[in-house]
Amino acid sequence: MIRIQTDDVDIGALITAAKTPETGAVVVFDGIVRNDGITEMELEAYEDVAVPELEKIAMAATEQFHLQHVDIVHRIGRLSVGENILIIVVSAGHRPDAYAGSRYIIEEIKKSVPVWKKELTKDGGRWVPGEHGHGSGHH
Amino acid sequence: MTVKLRFFARFRELLGTDLITNPNTGTTLLALVKEIAGTKKEGYDAIFDEHGMFREFVIVMRNGKRVELADAATVLVADGDEIAVFPPVAGG
């Protein structure tokens, strides 16, 4: 399941669905709104580009790390401290592939998927700066 | 012709988004974005430098594909195009 959505997701159900009889490891990454003196976080995405980009990353990770199953759910909209932002669930035969595949997916998302975050504070808000020199798509 | 212009994140806040424009044939991508952004100084200054070129961190896409900033002055927009302009991505 590759999705950009406002709703939260049942991580337990994703873990159950990720398992196959050949699965030896499931790794879950859960990115969470951290309390950096903020009230809420607002996320927006260029969905027409972000979803295909997530699918591309999932396919590349599957191939490179022999993953059996990949879920990526990136939430948008207004999220409070403690809420899930990004959930990545991967399964593999062995833990090195599961860990490496999960890590690959999050690092690629940070580089190339058009999503932006604004930290909302009592005094207004601030856009989280992206990684300069990167951006959606490839050179 | 009709071209849709989409801004995201800070650029959206400054300039709006999903703007339907009607450029003349022969309009370059750079010229179109400059014309639309030029209506609001703060938005224009966020995207363009003092020489009127895209700031180096700005990302421009045409129909979901990235356009190199150096090419924006020569690429012509076409009827039905969707042009997206946004700052570096910060998801995850």
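The values are calculated or read from the model by the stated rules, or taken from the named source; none is laboratory data. The shown structure was predicted, so the numbers you read here are calculated from the model rather than taken from an experiment. As a convention, Cβ positions derive from the backbone with ideal geometry for all residues, glycine included, and neighbour counts pool all protein chains shown. Only protein heavy atoms, including side chains, enter the accessible area calculation; ligands, DNA and RNA are left aside. Shrake-Rupley method; radii C 1.70, N 1.55, O 1.52, S 1.80 Å.
See the values below:
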read-out	value
Among A:93, A:57, A:6 - extreme Cα towards positive end, dipole of chain A, charges at beta-carbon	A:93
Partners for residue A:56 among lysines (Cα-Cα distance below 28 Å; same-chain residues under 8 apart left out)	A:19, A:110, A:111, A:117, A:118, B:4, B:65
Farthest positive-ward along chain B dipole, Cα basis, beta-carbon charges - from B:39, B:52, B:83	B:83
Hydrodynamic radius by Kirkwood, which averages 1/r over all alpha carbon pairs of region A:2-122, in angstrom	14.7 Å
Inter-site label distance for residue B:22 and residue A:107 at 7 Å from Cα along Cβ, in nm	5.1 nm
Part-to-part distance (alpha-carbon centres) for region B:27-78 and region A:1-67, which is given in Å	32 Å
Percent carbon-and-sulfur accessible area, chain A, ignoring ligands, DNA and RNA, probe 1.4 Å	50 percent
Solvent-accessible area, 1.4 Å probe, carbon plus sulfur percent, for region B:3-86	49 percent
Among beta bridges that DSSP assigns inside the protein assembly as shown, antiparallel share in %, nearest 5	85 percent
Between helix A:95-112 and chain A: long-axis angle, C-alpha atoms, 0 to 90°, nearest 10	30 degrees
Cα→Cβ-extended label distance, 7 Å offset, between residue B:78 and residue A:8, nm	4.7 nm
Dipole in debye (nearest 20) - the protein assembly as shown, about Cα centre, beta carbon charges: Lys, Arg +1; Asp, Glu -1	160 debye
Where A meets B: accessible area buried, both sides, 1.4 Å probe, Å²	2100 Å²
Overall Cα dimensions of the protein assembly as shown - principal axes, largest extent first, Å	60, 41, 26
Members of region B:64-92 that become less accessible by 40 Å² or more once partner protein chains are added (1.4 angstrom probe, chain alone as reference)	B:66, B:88, B:89, B:90, B:91, B:92
Radius 12 Å from Cβ of residue B:84, net charge of other residues (Lys, Arg +1; Asp, Glu -1)	+1
Crossing angle, helix A:47-65 versus chain A [Cα axis fit, 0-90 degrees, rounded to tens]	30 degrees
Binned Cα-Cα distances of region B:3-86, short to long, each 10 Å bin given as a whole percent	19, 60, 21, 0
Accessible surface, per residue, of chain A when the full set of protein chains is kept, probe 1.4 Å, Å²	50 Å²
